[in-house]
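Here is the structure we will look at.
No lab work stands behind these numbers, since they all come straight from the coordinates. Just so it is clear, the model here is predicted, and its values are computed rather than measured. Neighbour counts are summed over all protein chains in view; Cβ atoms, including those assigned to glycine, are modelled from backbone coordinates with ideal geometry.
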Amino acid sequence: MKAIVNVTEKAIEQIKTIYAAENARPDQGLRLAVVGGGCSGLQYKIEFSDRKDKDNVIDLRGVNVLVDPKSSIYLKDVVLDFKDGLNGKGFVFENPNATNTCGCGESFSV
């Protein structure tokens with residue numbers, strides 16, 4: 001079965017580093033969600049969270065990515081990457097479903 005979200009190796013490494021630094025509990029996962037807001041209408045949310053009953057779970061060899069059913073509609077085929085170049089450092093969502101994105105890349109519309 002194809003994962004809802006694709007996570008690059010660089011992003012996996014960074015997630016594991018942050019997971020250890022934050023002392024996240026073994027039963028927690030990295031929640032990727034889409035919520036209303038931002039200058040384009042929808043924005044990404046990323047945090048460590050407990051698993052909920054209806055979550056889609058993606059196993060990243062030691063850390064689970066959690067996606068709720070509503071967010072999975074907007075995150076289908078999204079690539080989560082981590083960039084650390086001259087233009088800034090952080091997680092980047094590459095969303096082929098977005099019809100419009102804001103300049104900062106943190107919000108979008110479909």
| query | Setting aside same-chain residues fewer than 8 positions from K52, which aspartates and glutamates have a Cα under 12 Å from its Cα? | reply | D27, D68
| task | With +1 on each Lys and Arg Cβ and -1 on each Asp and Glu Cβ, and nothing else charged, work out how big the dipole of the range 17-68 is about its Cα centre, in Debye to the nearest 20. | result | 60
| query | Given +1 on the Cβ of Lys and Arg, -1 on the Cβ of Asp and Glu, and no further charges, what dipole in debye does the range 5-109 carry about its Cα centre, rounded to the nearest 20? | reply | 100
| field | Packing-based order for 26-32, 4-10, using average beta carbon neighbours within 10 Å, highest first | value | 26-32, 4-10
